[in-house]
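What follows is one structure encoded as structure tokens, with my remarks underneath.
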Amino acid sequence: MAKHIAIYARVSTRAQDTKSQEPDLQRWAAAQPEPVEWYKDTASGKTMDRPAWNKLVDAMRAGRVSQIVVWRLDRLGRTAKGLTALFVDLRQYRVNLVSMREGIDLATPAGRMMANMLASVAEYETELRGERVAAGQAAARARGKRWGGSLPGKRKKVTADQEQIIRQLHSQDMPITRIAKVVKLSRPTVYDVLNAKVAC
């Protein structure tokens, strides 16, 4: 059965794209002798249940994947539990993992150790960002900051505090709907902030 190299790219929301990841991955792919297939998702890194990722896993379990290549390890996921379980599966199916930015190669003992360390760090950073956001919200409320809704068809002015909280929550893969509820703004306004269309 012919095998291929699986290149996986992921972003968290529709406001993002994989263009920043693709140049390095394309250059790497062009130098490989094996066939290459791309898998792309727009989904949170907090869950491993994603359409393209599930398709890749099915191909791996069917013996059609020789190795998985990502731009950065957190593109695979943002929880230590999910990543560690993945590393075990990869070894079971004899599929190598290459993460370009960190220089990880699971084919080596040092690469496996580094991968597990970075998985724990990624989860820690996600939790730390959550704590910072909560602290920022509490400080804003202590200063008397209140967030109200806007009239239908009118965009409410976005404050600097709201913009900061939106970007922090977005960086930790919180869904847009939940972000909108936290800052008491509409989803379109949140998207505008993420697309840098709102002047604060």
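A few points about this structure:
- Residue match in the range 96-107 (condition: buried (at least 19 other Cβ atoms within 10 Å of the Cβ) and not aliphatic (A, V, I, L, M)): yes
- Residues in the range 60-107 that are of a type in the set (A, V, I, L, M, F, W, C), more than 23 Å from T13 (Cβ to Cβ) and in a loop (DSSP other than H, G, I, E, B): 4 in all.
- Criterion: modelled with pLDDT under 75, over 21 Å from the mean Cα position of the chain (by Cα) and buried (at least 18 other Cβ atoms within 10 Å of the Cβ) - qualifying residue of V198, V133, V183, V158: V198
- Selection status of T13, part of a loop (DSSP other than H, G, I, E, B), within 25 Å of H170 (Cα to Cα) and free of Cβ contacts under 8 Å to residues at least 24 places away in the same chain: no
The values are calculated or read from the model by the stated rules, or taken from the named source; none is laboratory data. This is a predicted model, so every value here is computed, not measured. Glycine also receives a Cβ, built like all others from the backbone with ideal geometry; neighbour counts cover every protein chain displayed.
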